[in-house]
1. Which of the residues belonging to the range 19-48 are open to solvent by 60 Å² or more (accessible area, probe 1.4 Å) and in a helix (DSSP H, G or I)?
2. Looking only at the range 307-318, decide whether some residue is in a helix (DSSP H, G or I) and within 30 Å of G212 (Cβ to Cβ).
3. Just to be sure, is A306 under 22 Å from the mean Cα position of the chain (by Cα), among the small types (G, A, S) and open to solvent by less than 20 Å² (accessible area, probe 1.4 Å)?
4. With respect to I16, determine if the residue is outside any loop (DSSP other than H, G, I, E, B) and assigned by TED's automatic domain parsing to the domain that holds A251.
5. Of all residues in the range 194-237 being among the small types (G, A, S), within 16 Å of the ligand (Cβ to nearest atom) and not in a strand (DSSP E or B), which is farthest from the chain's Cα centre (by Cα)?
6. Name the residue, out of L73, L81, that is within 16 Å of the ligand (Cβ to nearest atom), in contact with a helix residue (DSSP H, G or I) (Cβ under 9 Å, 6 or more places away or on another chain) and modelled with pLDDT of 95 or more.
7. If A355 satisfies every condition in (1) open to solvent by 60 Å² or more (accessible area, probe 1.4 Å); (2) under 26 Å from K237 (Cβ atoms); (3) not basic (K, R) but one, which is the exception?
8. Taking the range 68-77, which residues are open to solvent by 50 Å² or more (accessible area, probe 1.4 Å) and part of a loop (DSSP other than H, G, I, E, B)?
Amino acid sequence: MLPYAKRMESLPFSGIRVMMEKATRMEAAGEPVIHLELGRPDFDTPQVIKDAVYESIAGGNVFYTSNYGTQGLRSAIARKLQAENHVDYDPSEILVTVGVGEGTYCAFGAFLEPGDEVLIPDPVWLNYIHVPEYLGAKAVPYTLREENGYQIDFEELERNVSPHTKMLVIISPNNPTGSVLGRQTLEELAAFAIRHGLYVVADEIYEKLVYGGQEHISIASLPGMKERTITLNGFSKAYSMTGWRLGYMAAPREVIAGAVRLHQHINTCAPSFVQDAGVAALEKAAPDVEAMRREYERRMNYVVDAIGRIPGLSCHRPEGAFYVMVNVKQLGKSAAFLADHYLDQAKLAMVPGTAFGGAGEGYLRLSYANNYENLVEACGRLAEATEKLVR
Ligand code: PLP
């Protein structure tokens, strides 16, 4: 057998996939599983975007593009960043990637040396732990606490920074906490990054999914930050395009120059016709995005209120993304045990918070990217299965 490279030890199978596999096996055996484990929108991709891809293919747009991405998409992204995020980028400061997944790989791969440290939130979407570690760098967690509204504890951040720290990752709105970093936190973060000479990797993939009148603010728009921010964004979540694999990086030109060298050896370019669809998404799909956002907000409010009525459970009302961290600490059992319990007893698939880092103990991540009727049924089952535990 061909032995795995040693560095593969830092790429375990994700806890989300483990739950999904188990839930899917149960479903195949005829069990009525409700999927609350996936970070995948349940909506179809808006028609204007599909039309653009059909037209692009019909027009023969089937060849490699520039490694950076098409001029048309990079210009559309630059216009979007100017109008919505209030940061001026030249198209040469934008790299089109095959999803944010590839964007993280390029951002870290081009710049991290073995032994470098990256400050990452805990809990966190797992790429931010595993990709730096695969590269021999160290992912150093800083805790997002529910009692703090999942904002940042700057005393802890100061304690965790070292002479080896090169980058700081922020994700807002956040997966899995659903929290949004406020202006004051971002201003403090900017001062922290400048003081310590750090680059900030800002994952803004959920920026359009914010609720309760929350405002998404790009850290790159704060004074002195554009030159030290690598913004990663993509089309998967807001436009329900997870299978299209399209994202981008916006960063200073020298960062893009490094990232593109890695990107050319991974993917060459994002698919040509998908890039045309990206232009249509940015220019024509805003009403579709808003309709999906409103529906997520309706679901979120239902789920949070329902959880609030279940003795033994509680949760922080998220300000964005499509996840709720269900606090199960009162039940006195581990998150892993409870995730199994709810799947076995109630046919509800959720992810133990520990799949996202140590600070996730005591929580289950529930994704409400599922239809309203299923969520109503799910909350009923959650109440019943919890009652059996507290009795
Ligand atoms: N960034 C965050 C914070 C995510 O939660 C996810 C997916 O769950 C991604 C990026 C993946 O993005 P993409 O589909 O563009 O690779």
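1. E21, T24, R25, E27, A28, Q47, listed by residue number.
2. yes
3. Values: under 22 Å from the mean Cα position of the chain (by Cα): no; among the small types (G, A, S): yes; open to solvent by less than 20 Å² (accessible area, probe 1.4 Å): yes.
No, not satisfied.
4. No, not satisfied.
5. In this case the residue turns out to be S218.
6. Numbers: L81 fails: within 16 Å of the ligand (Cβ to nearest atom).
Among L73, L81, only L73 is within 16 Å of the ligand (Cβ to nearest atom), in contact with a helix residue (DSSP H, G or I) (Cβ under 9 Å, 6 or more places away or on another chain) and modelled with pLDDT of 95 or more.
7. Here A355 clears every test but (1).
8. Y68
The values are calculated or read from the model by the stated rules, or taken from the named source; none is laboratory data. Not measured: the values here are computed from a predicted model. Cβ sites come from the backbone with ideal geometry, for glycine too, and all protein chains shown count toward neighbours. Protein only, heavy atoms only, side chains kept; ligands, DNA and RNA dropped before computing areas. Shrake-Rupley method; radii C 1.70, N 1.55, O 1.52, S 1.80 Å.
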